[in-house]
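Here is the structure we will look at, set down as structure tokens.
The values are calculated or read from the model by the stated rules, or taken from the named source; none is laboratory data. Note that the structure is a prediction, hence the values are computed from the model and not measured. Reconstructed Cβ throughout: ideal geometry from the backbone, glycine too, with neighbour counts over all protein chains shown.
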Amino acid sequence: MIDNPYTTAVLAWYDVNARDLPWRHPDATPWSILVSEVMLQQTPVVRVLPAWREWMKRWPAPADLAAEPSGEAVRMWHRLGYPRRALNLHACATAIVERHGGEVPDDHSELLALPGVGAYTAAAVASFAFGQRHAVLDTNVRRVLARAHTGVQYPPKTQSKSETRLAESLLPSDAETAVRWGVAVMELGALVCTARSPACADCPIADKCAWRLAGKPAHDGPPRRAQTYAGTDRQVRGKLMAVLRAASGPVPKSELDAVWDDQVQRERALDALVSDGLVDPLDSGEYALPG
DNA sequence: AAGCCGTGGTG
DNA sequence: TCACCAAGGCT
């Protein structure tokens, strides 16, 4: 069945080149797939793998995580980055126990209602965990479609309606094929059609790629803004969280004060962490991961 | 809707 | 080296 010009070649490529990732195994549960998708938000596969295994061993079901303080989720997040995602997963676990009887919902809109689950993650879980037909549009798919179909080097910075429409128009009609198509295009973007130096020689749709056929024109428009990090509040937050994760219990404020010289910025970062629910200010004056 | 939110690898 | 990038989401 030919649903779009790329389906057959991309699926055949995926059959041979797919990585053996544990959340793709037949015994992966919807919960384990949800956890993997949240961990993979902006974090590379190689760094997610050990944390995911640790989480699945300790919290094999949503109820297992919901039974623990959210601070344990934050501690077990290690250095994956964006630790609010750990809080989100703990809140997901609680919501799943309270609203869905402890089972990850299979309904797209119910998935979308879970904390930290947006358009991509809801579609990914509905598709990969429950075999439903949804367009999964992540950074990999956006880049592949921008090149192969639209003929430009990079997709726009923020996802556009036209990208969504395009992804939906390319979605195979049969659910089982749509699921395979989604994961296969993602994998193609991750392994071949990469951001920096695409391996067009290894690409199964190079002969149909509008960007390659146009001579790989360079990205035009404003330069893609680099995200600065050094000296930002994010860096300070990271240092504060690292201290709290490493400690077995509450930490005196002096230990937090030692991570950053600028007091104004340090206090602002700490206040924001408390406001975000990532840090618990105790009556004793000490600080701890949330209980 | 543009900017914020971590961290580490890499060309 | 250092700017860029990585299975985004939220405000």
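Miscellaneous remarks
- A:His90 vs. criteria modelled with pLDDT of 95 or more, within 16 Å of DNA strand B (Cβ to nearest atom) and in the same structural domain as A:Leu111 (by TED's automatic domain parsing): yes
Per-residue answers, yes or no, for (1) touching a helix residue (DSSP H, G or I) at 6+ places or on another chain (Cβ under 6 Å); (2) modelled with pLDDT of 95 or more:
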site: A:Arg143; (1), (2): yes, yes
site: A:Ser169; (1), (2): no, yes
site: A:Val185; (1), (2): yes, yes
site: A:Gly189; (1), (2): yes, yes
site: A:Ala195; (1), (2): no, yes
site: A:Asp202; (1), (2): no, yes
site: A:Cys209; (1), (2): yes, yes
site: A:Gly215; (1), (2): no, yes
site: A:Ala218; (1), (2): no, no
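- Enumeration of residues in the range A:223-238 that are near DNA strand B (Cβ under 6 Å from one of its atoms) and either touching a Cys at 6+ places or on another chain (Cβ under 6 Å) or basic (Lys, Arg) (or both): A:Arg234, A:Arg237
- You will find that of A:Ala214, A:Ala218, the residue that is within 15 Å of DNA strand B (Cβ to nearest atom), more than 23 Å from the chain's Cα centre (by Cα) and in contact (Cβ under 8 Å) with a residue 40 or more places away in the chain is A:Ala218 and no other.
- Taken together, the residues in the range A:89-114 that are closer than 23 Å to A:Ala288 by Cα and surrounded by fewer than 21 Cβ atoms within 10 Å (Cβ to Cβ) amount to 2.
- The single condition from (1) free of Cβ contacts under 8 Å to residues at least 24 places away in the same chain; (2) surrounded by 14 or more Cβ atoms within 10 Å (Cβ to Cβ); (3) away from DNA strand C (no atom under 16 Å from the Cβ) that A:Tyr287 fails is (1).
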